[in-house]
Every structure is written in C-alpha cells, then in structure tokens.
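Accompanying notes for the structure given below.
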Amino acid sequence: DAGVIQSPRHEVTEMGQEVTLRCKPISGHDYLFWYRQTMMRGLELLIYFNNNVPIDDSGMPEDRFSAKMPNASFSTLKIQPSEPRDSAVYFCASSNTLRDTQYFGPGTRLTVL
Amino acid sequence: GNSVTQMEGPVTLSEEAFLTINCTYTATGYPSLFWYVQYPGEGLQLLLKATKADDKGSNKGFEATYRKETTSFHLEKGSVQVSDSAVYFCALTGGGNKLTFGTGTQLKVEL
C-alpha cells in the first residue's frame, strides 16, 4: 500500500488567501484524522471522520477552518482566510478502528506570510 | 478523560548509552498503549504497542511494558544509536475515545 498521501508537501501563501490541504487515506481504513503540529502547541487533533462522517470537530480552532470527506478516499482541510498564526505542519492519519494504530502521512508544511 | 504524561526533553545521550523515556497515563477501563516516533521532517510512525496489562511491545531494540499497577508504559533501549535521534510520543486509546498523545520527548544521540 502507498500509505497516507498528502498534498501539497509545502505551501507558502499570503495572509487572507484560501488554503486547501488534501489527504488520501489508506484504502479500507474507516477513520481519518487531521492534526496540526507547532512548536508552541505540540500535536493537536483538529477533527476526525468515521466512514466519511465528521465525528468530533472540537479541535477545529475557528470558523476559518473547515474539513470535508466527500468519499472514502479523499479529504480536504480548508483555511479561509488564512492568517500567519496558522503556520504549522498539518498531518493526516487513518486507521481501521478508533483503537487501532494510526498511520500518518508525511505532512503539509504551511507558511502564511 | 484520558491523559498521558511523559518526561520533558530534550534528552541528550552518547551513542551506546541506555535510554529510558518515562510515560504514565490516566484512563478508564483497559486502554491500548502506543509509542510513536517522529524522525526529522517526517510524520509520526508506530514504534511499538501493547494492548493489555503485562504485555511487552518491542521493535528495533526498543521495548515498553504495559504496567497497569503503576499506570506506566516506559520506553527503553539498551544501546542507542545516532539514528535514533527523533521525537518520541507516548499515546493511548480506550473507553471509546480517540488516540490521546503525550507532549513528545526529543531524543538527541551524539557520537
């Protein structure tokens, strides 16, 4: 299996622009997770899906953040408008069940100028 | 709710030294316990796991034993290498809850 695929790997944008991060989970995994990692706040869970349905979005920082999973093989995390404090590495992960090992993608490094 | 506490880093060791990274947890029921490792510039990957009390997880020379009586899952390695330099995360799932991570411990191994 190719593992979890994320794109782009790096994104540099200006404040106020819309940013869309993409994720393809491992085939057959029912759970998909979006995380954010910064030096100051560490690793934070933003939202997770089960069978394409958002289950817990309590970690989404603001209304500027939204996530969708239109089908079992694709998810997006959108930030609109972006701000410099959104600069971070965003990871996508997937798993078979909630208790199983999560497999992480390589991450998207976002820089908002 | 569930929580994980792990020792703060960075931990700096010489090559071939013995490694211990402490991890304790709070959880209801019978959680599964994990250690993940993050190498520079990469995503997290599973290092080892244990799903019930007294289980020992092991991989790449690393070991951790699920101790329910002390609610601990300490990571150990007998002889570290420079290539082990990374950030190590202790984590747990249980009670129908999603994975809960510790704050991570950075390990630096020097020649």
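Can you name the residue in the stretch B:84-111 that is out of contact with any Phe, Trp or Tyr (no Cβ under 9 Å at 6 or more places or on another chain) and away from every other protein chain (no Cβ under 14 Å) and is also surrounded by the most Cβ atoms within 10 Å (Cβ to Cβ) among such residues? If we take residues in the stretch B:84-111 being out of contact with any Phe, Trp or Tyr (no Cβ under 9 Å at 6 or more places or on another chain) and away from every other protein chain (no Cβ under 14 Å), then B:VAL109 is surrounded by the most Cβ atoms within 10 Å (Cβ to Cβ). A single member of B:TYR25, B:TYR66, B:TYR36 is surrounded by 13 or more Cβ atoms within 10 Å (Cβ to Cβ), of a type in the set (Ser, Thr, Tyr) and within 12 Å of chain A (Cβ to nearest Cβ), and it is B:TYR36.
Consider A:LEU32 carefully, then state whether it is within 13 Å of another protein chain (Cβ to nearest Cβ) and either in contact (Cβ under 8 Å) with a residue 60 or more places away in the chain or in a strand (DSSP E or B) (or both). Spelling it out, A:LEU32 is indeed within 13 Å of another protein chain (Cβ to nearest Cβ) and either in contact (Cβ under 8 Å) with a residue 60 or more places away in the chain or in a strand (DSSP E or B) (or both).
Could you check, for the stretch B:86-97, whether at least one of its residues is part of a loop (DSSP other than H, G, I, E, B), without any contact (Cβ under 8 Å) to a residue 24 or more places away in the chain and more than 20 Å from B:MET7 (Cα to Cα)? Reasoning before the result, please.
Going residue by residue through the stretch B:86-97, those that are part of a loop (DSSP other than H, G, I, E, B) are B:95-96.
Okay, now just the ones that are also without any contact (Cβ under 8 Å) to a residue 24 or more places away in the chain, so B:96.
With the extra rule that they be more than 20 Å from B:MET7 (Cα to Cα), the set shrinks to B:96.
Yes, because at least one residue in the stretch B:86-97 is part of a loop (DSSP other than H, G, I, E, B), without any contact (Cβ under 8 Å) to a residue 24 or more places away in the chain and more than 20 Å from B:MET7 (Cα to Cα).
A:GLN80 falls short on exactly one of the conditions (1) touching an Asp or Glu at 6+ places or on another chain (Cβ under 9 Å); (2) modelled with pLDDT under 95; (3) of a type outside the set (Asp, Glu), and that condition is (2). With respect to (1) touching a Ser or Thr at 6+ places or on another chain (Cβ under 6 Å); (2) within 14 Å of chain A (Cβ to nearest Cβ); (3) of a type outside the set (Val, Ile, Thr); (4) not in a strand (DSSP E or B), the lone exception for B:LYS52 is condition (1).
Which one of A:SER75, A:SER82 is closer than 26 Å to B:GLY104 by Cβ, more than 14 Å from the chain's Cα centre (by Cα) and in contact (Cβ under 8 Å) with a residue 24 or more places away in the chain? Can you show your working first?
Working: A:SER75 fails: more than 14 Å from the chain's Cα centre (by Cα).
Being closer than 26 Å to B:GLY104 by Cβ, more than 14 Å from the chain's Cα centre (by Cα) and in contact (Cβ under 8 Å) with a residue 24 or more places away in the chain holds for just one of A:SER75, A:SER82, which is A:SER82.
Filter the stretch A:68-87 down to the residues that are among the aliphatic types (A, V, I, L, M) and surrounded by 21 or more Cβ atoms within 10 Å (Cβ to Cβ) and list them by number. The answer is A:MET69, A:LEU77, A:ILE79.
Pairs meeting the criteria (first residue in the stretch A:47-62 and within 11 Å of chain B (Cβ to nearest Cβ), second residue in a strand (DSSP E or B) and among the β-branched types (Val, Ile, Thr), beta carbons under 6 Å, at least 6 apart or on different chains) are A:TYR48/A:ILE55.
The values are calculated or read from the model by the stated rules, or taken from the named source; none is laboratory data. As the structure is a computational prediction, the values presented were derived from the model and not from experiment. Cβ coordinates were reconstructed from backbone atoms using ideal geometry, including for glycine residues, and neighbour counts include every protein chain displayed.
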